[in-house]
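One structure is given below, encoded as structure tokens.
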Amino acid sequence: MLDVVTLGEGMILLIALSQGRMRHVHLFQRSFAGAELNVAIGLVRLGLQAGWISQVGADEFGAYLLAQIRGEGVDVSRVRVDPEAPTGVYFKEFRRPGETHVWYYRRGSAASRLAPDGVDWDYVRSAKIVHLTGITPALSDSCAATVRRAIAEARAAGVQVSFDPNIRLKLWTADAARRFILDILPQVDIVLPGLDEARLLVGPGEPEALCRRLLEKGPSVVGLKMGATGAVAADAAGVYFASAPSVTVVDTIGAGDGFAAAFLACYLKGYPLAQTVSLAAAAGALVTTVSGDIEGLPTWDELVTFAQQMGAPGDVR
Ligand code: KDG
């Protein structure tokens with residue numbers, strides 16, 4: 001039985017190797033990424049079993065992506081190869097230290113053609129948690145329908161639903177994102193928004209109030225990410241703050257996925273929420289220390305050692 005199944009797009013990631021506008025960059029480092037995929041890899045690094053549902057093109061980048069993800073130990077048995085569309089690509093440009101710009105080349109990609117009929121729903125029903133993000137519904141109508149169906153299948157089977165809004169304004173408008181997410185939120189068990197995303201969804205307010213308003217919308221657990229300030233988690237029993245460990249930040253993209261992976265891992269291990277949010281914040285911080293999205297995802301031992309050095313609360317094993 002898989003601990004977590006994720007569903008979404010994986011892309012080739014080309015990271016600029018020099019700073020400045022991309023028109024002046026000559027060398028790129030190839031990697032790969034995708035929010036849900038990053039979470040699946042993060043979970044496997046932490047010792048859990050994760051599967052990723054997606055589509056890749058019948059091209060060299062699709063073959064590379066599959067080989068890499070399989071090599072990371074994520075189950076890719078439900079990834080389909082679409083002969084009619086390419087694997088998506090995205091670039092990271094570093095205009096100035098700490099200022100990353102993202103360029104997508106993904107419209108019409110194989111993953112954007114994911115549709116409910118192409119998914120093995122028994123597979124989704126067999127997991128403990130299905131993890132989804134707001135990136136997938138922004139890709140196409142068929143992807144949005146797939147996310148809705150995933151939530152419905154999960155709920156009917158007693159599988160918990162985890163959702164990271166991951167609102168990407170290059171993919172849809174704030175209004176469209178808000179409408180979709182507020183509509184599904186009553187069926188989500190664990191919601192993991194950033195601070196701005198939470199405010200977009202439930203209005204202005206301080207972290208604790210935002211968490212409470214999110215809980216009122218349906219989820220039973222909230223993990224609110226606040227970047228360098230740290231994170232807050234809340235459930236019916238209380239609200240728990242965790243400060244972010246201080247690290248030298250290279251690139252913040254992907255930090256939320258590291259947070260989600262550690263949050264879900266601790267949740268499944270039955271850790272108290274105070275420890276869960278603290279370890280999740282530590283995992284997110286580790287991801288920011290490198291320019292790729294998946295390279296900084298820690299193993300369980302790395303995470304625990306780092307969190308202890310940073311003074312995480314409680315006895316972490
Ligand atoms: O959370 C990190 C993701 O944003 C990144 O890996 C790329 O999936 C991606 C996207 O759509 O931006």
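Miscellaneous remarks
- Evaluation of A138 against (1) within 16 Å of the ligand (Cβ to nearest atom); (2) free of Cβ contacts under 8 Å to residues at least 12 places away in the same chain; (3) small (G, A, S) (one fails), failing number: (2)
- None of I41, I15, I53 is farther than 30 Å from A152 by Cα and within 16 Å of the ligand (Cβ to nearest atom) except I15.
- In the set (1) out of contact with any Leu (no Cβ under 6 Å at 6 or more places or on another chain); (2) open to solvent by less than 20 Å² (accessible area, probe 1.4 Å), A233 fails one condition alone, (1).
- A single entry from V147, V76, V124 fulfils the requirement of being farther than 26 Å from T299 by Cα and either of a type in the set (F, W, Y) or in contact with a helix residue (DSSP H, G or I) (Cβ under 7 Å, 6 or more places away or on another chain) (or both): V147.
- Some residue of segment 163-173 being loosely packed, with under 15 Cβ neighbours inside 10 Å and in a helix (DSSP H, G or I): no
- Residue within segment 239-246 that is modelled with pLDDT of 95 or more, open to solvent by less than 60 Å² (accessible area, probe 1.4 Å) and aliphatic (A, V, I, L, M) present: yes
- Failed condition for T100, given (1) exposed (fewer than 15 other Cβ atoms within 10 Å of the Cβ); (2) within 23 Å of T288 (Cβ to Cβ); (3) among the β-branched types (V, I, T): (1)
- Hey, V89 of a type in the set (A, V, I, L, M, F, W, C) and either closer than 30 Å to L200 by Cβ or more than 20 Å from the chain's Cα centre (by Cα) (or both) or not: yes
- Among residues of segment 108-156, those that are within 13 Å of E9 (Cβ to Cβ), under 20 Å from the mean Cα position of the chain (by Cα) and assigned to a loop (DSSP other than H, G, I, E, B), counted: 5
- In segment 160-181, the residues that are under 16 Å from V130 (Cβ atoms) form Cβ pairs under 6 Å with partners that are among the aliphatic types (A, V, I, L, M) and within 10 Å of the ligand (Cβ to nearest atom), at six or more places apart or across chains, as follows: D164/A260; N166/A35; N166/I135.
- Residue check for K170: within 16 Å of the ligand (Cβ to nearest atom) and of a type in the set (D, E, K, R): yes
- Scanning segment 79-97 for residues that are buried (at least 18 other Cβ atoms within 10 Å of the Cβ), part of a loop (DSSP other than H, G, I, E, B) and away from the ligand (no atom under 14 Å from the Cβ) yields A85, P86.
- Checked across segment 8-18, the condition of being open to solvent by 10 Å² or more (accessible area, probe 1.4 Å) and in a loop (DSSP other than H, G, I, E, B) holds for at least one residue.
- Residues in segment 278-313 that are outside any helix (DSSP H, G or I), among the aliphatic types (A, V, I, L, M) and closer than 26 Å to Y90 by Cα: 3 in all.
- Of all residue pairs spaced 6 or more apart or on separate chains, none has beta-carbon atoms under 7 Å together with a first member in segment 54-73 that is under 13 Å from V44 (Cα atoms) and among the hydrophobic types (A, V, I, L, M, F, W, C) and a second member that is open to solvent by 40 Å² or more (accessible area, probe 1.4 Å) and modelled with pLDDT of 95 or more.
- Here V5 fulfils each of the conditions (1) within 16 Å of the ligand (Cβ to nearest atom); (2) open to solvent by less than 10 Å² (accessible area, probe 1.4 Å) apart from (1).
- Unmet requirement for I181, which otherwise passes all of (1) open to solvent by less than 30 Å² (accessible area, probe 1.4 Å); (2) under 20 Å from C143 (Cβ atoms); (3) outside any helix (DSSP H, G or I): (3)
- Filtered residues of segment 22-75 (kept if more than 14 Å from the chain's Cα centre (by Cα), of a type in the set (V, I, T) and not in a strand (DSSP E or B)): V25, I69, V74
- Restricting attention to segment 262-288, the residues being open to solvent by 20 Å² or more (accessible area, probe 1.4 Å) and within 15 Å of the ligand (Cβ to nearest atom) number 1.
The values are calculated or read from the model by the stated rules, or taken from the named source; none is laboratory data. Fair warning: this is a prediction, and the values are worked out from it, not measured in the lab. Using ideal geometry, Cβ is built from the backbone for each residue, glycine included, and neighbour counts are taken over all protein chains shown. Surface accessibility is based on the protein's heavy atoms, side chains included, excluding ligands, DNA and RNA. Shrake-Rupley method; radii C 1.70, N 1.55, O 1.52, S 1.80 Å.
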